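A quick write-up on the structure given underneath.
The values are calculated or read from the model by the stated rules, or taken from the named source; none is laboratory data. Since the model is a prediction, treat every value here as computed from it, not as a measurement. Every residue, glycine as well, gets a Cβ built from its backbone with ideal geometry; the counts of neighbours run over all protein chains shown.
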Amino acid sequence: MPWIILDRDGVINYDSDDYIKSAEEWRALPGSIEAICALKKAGYNVAVATNQSGLARGLFDLDDLEAMHSKLQRLLAEYDANTVYAIDAIFYCPHLPEDDCACRKPKTGLLDALEKEFEVSLAGSWLVGDHVKDIELALAKQCKPALVLTGKGKTCAKLLAENPPLSNTPVFNDLLAFTTELLTKDQLNTETFTTAPLKGKIS
Ligand SMILES: [Zn+2]
C-alpha cells in the first residue's frame, strides 16, 4: 500500500505565526479533510510529519498536541457516514531549531522512524508540504515532493523557483487540488509537471 506524507500546519490546517497551540486554534483548511478521506478511500496510507517546536518553547504541551490530533481524527471519522477514515501515523519533532536534533525537518528522523515502525521504504512516496523544509526532506528521502500554496506555500514557491532543482517541484493550490490530480491521473509523477514551469504557475 503506497504512503503519502503530509506536513500539518499550512497543509491540513490553517497556520499561524503565533503557532497553533490548542485544539480550538486548530482549524482545518477548506477541502483538506475531504482530500485525506479520498486518499484513504483510494487505498493510500496517510502519515503526518510535522515540526512542533512550540512544545520546546512551552507554548503548549503534549496533551494539547494530542487534543489537536484527536480533533483531526474526529473530523476524518465524521466525514463519511459509512466509513471511519483516519490518519495512519503522526510523527512530530518537539525540538527547537538550535537543539540540532535528528528529527526536525528537513532532517529525516521523522520519516526514518516511520519506515522503521511500519517496515516500509518511503522512496517514491509523495510528500506534500508548504515549506522549503518539506521539499528538501522529500528529496533527501527520495520521495516525490509537492508544494501547496496554502500556509507558507506562496512564499516558498518563490524561493523554490530561484533554486533549481527545487524549481521542478509541482505546485498545487491546496491539498484537495493535489489529491484530485493524483487520483484522476493513474500514474501521477513529477515528469507530468515539468512542462508547467513553477514560475509560470505562481505568477
Ligand atoms: Zn526533533
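At-a-glance table
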quantity	calculated
Residues of segment 125-145 satisfying the condition of being more than 23 Å from residue 16 (Cα to Cα), in a loop (DSSP other than H, G, I, E, B) and in contact (Cβ under 8 Å) with a residue 40 or more places away in the chain	125, 143
Counted residues, segment 38-83 - those being without any contact (Cβ under 8 Å) to a residue 12 or more places away in the chain and within 18 Å of the chain's Cα centre (by Cα)	1
Every pair of residues 6+ apart whose Cβ atoms lie under 6 Å, when the first sits in segment 97-120 and is touching a residue at least 24 places away in the same chain (Cβ under 8 Å) while the second is within 9 Å of the ligand (Cβ to nearest atom) and outside any loop (DSSP other than H, G, I, E, B)	104/51; 104/93; 105/51
Residues of segment 1-51 that turn out to be crowded, with 22+ Cβ neighbours inside 10 Å, in a loop (DSSP other than H, G, I, E, B) and on the phi < 0 side of the Ramachandran plot, as a count	6
Unique match (being loosely packed, with under 14 Cβ neighbours inside 10 Å, at pLDDT 95 or above and away from the ligand (no atom under 16 Å from the Cβ)) among 81, 67, 123	123
Complete set of residues in segment 53-84 that are assigned to a loop (DSSP other than H, G, I, E, B) and acidic (Asp, Glu)	61, 80
Residue under evaluation residue 111, criteria (1) more than 16 Å from the ligand (Cβ to nearest atom); (2) assigned to a helix (DSSP H, G or I); (3) among the hydrophobic types (A, V, I, L, M, F, W, C), criterion not met	(1)
Selection status of residue 152, surrounded by fewer than 17 Cβ atoms within 10 Å (Cβ to Cβ) and of a type in the set (Lys, Arg)	no
Residues (within 12 Å of the ligand (Cβ to nearest atom) and in a loop (DSSP other than H, G, I, E, B)) located in segment 85-108	94, 95, 96, 100, 101, 102, 103, 104, 105, 106, 107, 108
